[in-house]
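> For reference, the structure I am asking about is given below.
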Amino acid sequence: MRKDLPIRSLLWPAISAAAVLAAWHLAVLIYSLPGYLLPLPHAIVQAAVERRSDLLTGFAVTGGAALTGLLLSALAGFVLATLLAWSRGLRLSLFPYVLLLQTVPVVILTPLLVIWIGPGFPSVTAITFLITFFPVVSNTVHGMLSAPRPMLDLMRTLQADRRQEMFLLRVPHALPHYFSGLRIAATLAPIGAIAGEFFAGSGSGGSGGLGYLVIVYFSRHETDALFATGLLACLMGILFHSAVVLFRRLLHSYSRLV
């Protein structure tokens, strides 16, 4: 492995970011774009500093709901995927409904969730769970069902029962697929939480999440604050994705030690 690879991996994103910022500035200056249409980067930074208290509170509120929904989908998705891979009858019976649930628009599900479990945090968490659930289930089921045929034949030659075949072969083989689905779900979690806050409200106690702040800043035409809110949402997705990657590396290192 080349020693300059880490430096180059940081250099190219920095160059592309500088090019985007330069083009941004030129576009605003050349076309004389007003701040409410496209604010300059320094105006976005200034808005983020001025509204840091509201933004950090919103980040915490949205992040709590997004993380809760993501963890629930990670656990429930793995359990359901194991059941679907275990039983062909369950797979044929339930998987179409899992797919159907994924295709139902959020704007239709949200009023029902608000009626059934109440507005605010419970509904936002449920919406996040529904949005992040399918990638985990789909990828994990695919991983379990795509175990190598020679290994399956070997397990059956050794007279392994279905439980041993599942947990000694199919589950370990599915872990890369599971974490792949979990990485997708991690980037979808903030989107699901913010969308939920649009339709189901935010947290209790007078504190609003990032979705609530988007509504407020939009009504005031504060485009610089909208950009700052969007950047925080992107940061949340990056943090969740990085946490999944880190957890996978730690699990891989531990498995090699034992």
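> Tell me the residue from Thr132, Thr110, Thr62 that is at pLDDT below 90, assigned to a helix (DSSP H, G or I) and buried (at least 20 other Cβ atoms within 10 Å of the Cβ), please.
Every option except Thr110 fails the conditions.
> Residues in segment 212-227: is at least one among the β-branched types (Val, Ile, Thr), buried (at least 23 other Cβ atoms within 10 Å of the Cβ) and within 30 Å of Arg52 (Cα to Cα)?
no
> Still on this structure, please answer the following. Looking for whichever is at pLDDT 95 or above and either not assigned by TED's automatic domain parsing to the domain that holds Gly58 or not small (Gly, Ala, Ser) (or both) here; the options are Phe179, Phe198. Which one fits?
Criteria check complete, one pass: Phe179.
> Tally time: how many residues in segment 135-147 are in a helix (DSSP H, G or I) and loosely packed, with under 14 Cβ neighbours inside 10 Å?
Qualifying residue count, segment 135-147: 0.
> Then there's this: Test of understanding: among Ala85, Ala23, Ala19, Ala14, which residue is touching a residue at least 12 places away in the same chain (Cβ under 8 Å) and in a helix (DSSP H, G or I)?
Only one candidate qualifies: Ala85.
> In segment 97-107, how many are surrounded by 13 or more Cβ atoms within 10 Å (Cβ to Cβ) and either out of contact with any Phe, Trp or Tyr (no Cβ under 8 Å at 6 or more places or on another chain) or basic (Lys, Arg) (or both)?
0
> Here's another thing I want to ask about it. Please specify each residue of segment 80-96 satisfying the condition of being surrounded by 11 or more Cβ atoms within 10 Å (Cβ to Cβ) and among the small types (Gly, Ala, Ser).
Ala81, Ala85, Ser87, Ser93
The values are calculated or read from the model by the stated rules, or taken from the named source; none is laboratory data. Treat the numbers as computed from the prediction; the structure is a model and nothing was measured. Note that we place each Cβ from the backbone using ideal geometry, even for glycine, and neighbour counts take in every protein chain shown.
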